[in-house]
1. Hey, which of the strands (runs of 3 or more DSSP E) in the stretch 476-578, taking only ones fully inside, have at least 1 residues that are modelled with pLDDT under 85?
2. Would you tally the residues in the stretch 475-516 being crowded, with 22+ Cβ neighbours inside 10 Å and in contact with a Gly (Cβ under 6 Å, 6 or more places away or on another chain)?
3. With the requirement that a residue be crowded, with 20+ Cβ neighbours inside 10 Å and either of a type in the set (D, E, K, R) or under 14 Å from residue 14 (Cα atoms) (or both), what does the stretch 53-65 give you?
4. From the list 269, 225, 221, which residue is farther than 19 Å from residue 206 by Cβ, modelled with pLDDT of 85 or more, among the aliphatic types (A, V, I, L, M) and more than 60 Å from the chain's Cα centre (by Cα)?
5. Identify, please: which residue in the stretch 442-455 is β-branched (Val, Ile, Thr) and either in contact with a strand residue (DSSP E or B) (Cβ under 8 Å, 6 or more places away or on another chain) or outside the structural domain of residue 388 (by TED's automatic domain parsing) (or both) and is, among those, surrounded by the most Cβ atoms within 10 Å (Cβ to Cβ)?
6. For residue 346, work out the one condition from (1) in contact with a helix residue (DSSP H, G or I) (Cβ under 8 Å, 6 or more places away or on another chain); (2) in a strand (DSSP E or B) it doesn't fulfil.
7. With the condition kept exactly as written, say whether any residue in the stretch 29-40 is more than 17 Å from the chain's Cα centre (by Cα), surrounded by fewer than 19 Cβ atoms within 10 Å (Cβ to Cβ) and among the small types (Gly, Ala, Ser).
8. Taking interchain pairs and intrachain pairs at least six residues apart, which have beta carbon atoms under 9 angstrom, with the first residue in the stretch 249-275 and assigned by TED's automatic domain parsing to the domain that holds residue 213 and the second of a type in the set (Phe, Trp, Tyr) and in a helix (DSSP H, G or I)?
Amino acid sequence: MRLDEYWSVGPKTRQFLTESLGVEAAAEAIESGDVRTLVDAGLPHGRATRILRHANAGAALDLLATPDTRDVYNELLELVSEHAVTADARDRVRILTPLATRAAMVDRLDTVLAARDGWTAPSEHRRERALDIFESYDDAGGDRRAAVEAVLAARGAGLDSGVFAPLADLDVDALESALAALAGLSGGGGDRVGEGADDRLDALREQLGAVEDMAATPGDVLSAVQSGARGTAELREALARTVADRAGVDLARVRESMPGEAVDARSFVEGTLRTLTSDLRTAVTEREAAVADRLSGVLAETESEVEGAVTAVGDIGFEVSLARFALAFDLTRPDLVERRVTGVVGARNLALVDAGGSVQPVTYAVGDHDLSVPGANRPPEADRVAVLTGANSGGKTTLLETLCQVQLLAQMGLPVPADQAEIGVVDTVVFHRRHASFNAGVLESTLQTVVPPVTTAERTLMLVDEFEGITEPGRAADLLHGLVTLTVDSDALGVCVTHLADDLEPLSDRARVDGIFAEGLTSDLDLEVDYQPRFSTVGRSTPEFIVSRLVANSTDRAERSGYEHLAESVGERAVQRTLADARWSS
């Protein structure tokens, strides 16, 4: 495989990966989605993530047809990654992409929901222990040794069933031997055997260190042995015993290191310590080589168990992360159907739920659904496009975003934030948020963004918010009418938000108009909205509620007079009734 055959791997990136990893290792990292290897080699994290997404998803990324769709996708990945239990799992989450086939989506859904059930099976105490183990794994660097330590800790905590079931198949005795070998070979840094791997090697190193210290101050050693010695023989014996006592070296080895002849006592001491240092260095080197060979042999014998531990910890960490995301938002399995439909019952917007506010679940559907949708008095298959109307701040854009979230999650093989969901797989999701820029350039770029996917893809979900923000209202109505007609004629699905519903007549018989209604003001003068759309009903902006709030909150006489004048324009009786209802409810 040529590296530059992968998406976004140009000549510079190819050269960099070839020099830092080698072609084979780099290709293997890309194929396996190994973000860490690419980042450790020096590739920027964001670039590594983009390369791996395209390498593993391919044409499935065409689902993300617009910048706003891609924004929702990235926001979803950020939400999922907040529940990742390891850095590796976080990296794997960030390269999650839409899947190419319904079968692949179902397989991932099965895995995630089984992991969710398996994660909740252990007691809360054991789940907390598991999180501690994952944290320790990260703190230790997430390498092979850390993986083995994590497996042994998990097995010791009784975590070997449910989502942790793969750990039960690993040989604990083999992993304990492997851990000792890994600790020995990695504990010293480089090729050096670490402390604690071999008692004899540790003793030789201590002896060498003590003798080197003595050799650095031969005068002090001479003074210590010379004071009680009255001849050469006594000097030799005093030196042998002093070195043996201070360094723990056998007397015989010290005596063997003593020179046969010396010019004077100092030369004799220096010669002895120099020879002994050399001998001990040789002994340490030989012993270290022997221990390294033994530990390498242990690793070779336990290689399959170590690799099993690495794989198990990586997979379990990833699955637990997805399980925690599903539990945090009470996600459910979508029904992936062959029909052209996007439908939800009791759907919640994840961004709102994550923010901690009160969220009204919404039921909504477009296309050939089989859901129980209150107020839908037309045959489900009759509607390909819904025109959504209603109050300002009524949740219309939020509903579009929620439908986008549900569609993307389902096609990524993940559960969705709804009590029920019927999702037909589409080729592209065209999500376009309202942009308050009124010029020809914005109009042109918007049309170039939303029209081509409808005409080129076989199955499209169109979610468009307020065309009137990009051109004058009359022409916006014409364009939106054309877009609705194009969506219907292309056999696509669509939800289009607008305040111009009355200007869209006549609509195709495959389109309907739905409405969201404001119901009044609360006792705190906040706008009270029923976010559940009413099918086949035009929603209204109800400006009298806003004017009512301005009248009630105004303390300046002149300003209040101005607002009261506006109240006459929008309906003074409606304003007064709104204010009376708000006061009564308080």
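1. So the answer is 511-521, 527-534.
2. Number satisfying all stated conditions: 3.
3. Of everything in the stretch 53-65, just one residue is crowded, with 20+ Cβ neighbours inside 10 Å and either of a type in the set (D, E, K, R) or under 14 Å from residue 14 (Cα atoms) (or both), namely 53.
4. 269
5. The extreme case among them is 450.
6. (1)
7. No; the residues of the stretch 29-40 include none that is more than 17 Å from the chain's Cα centre (by Cα), surrounded by fewer than 19 Cβ atoms within 10 Å (Cβ to Cβ) and among the small types (Gly, Ala, Ser).
8. From residues that are assigned by TED's automatic domain parsing to the domain that holds residue 213, the pairs are 258/268; 259/268; 261/268; 262/268.
The values are calculated or read from the model by the stated rules, or taken from the named source; none is laboratory data. Just so you know, these numbers come straight off a predicted model, no measurement behind them. FYI the Cβ positions are ideal-geometry reconstructions off the backbone, even for glycines, and counts take in every protein chain you see.
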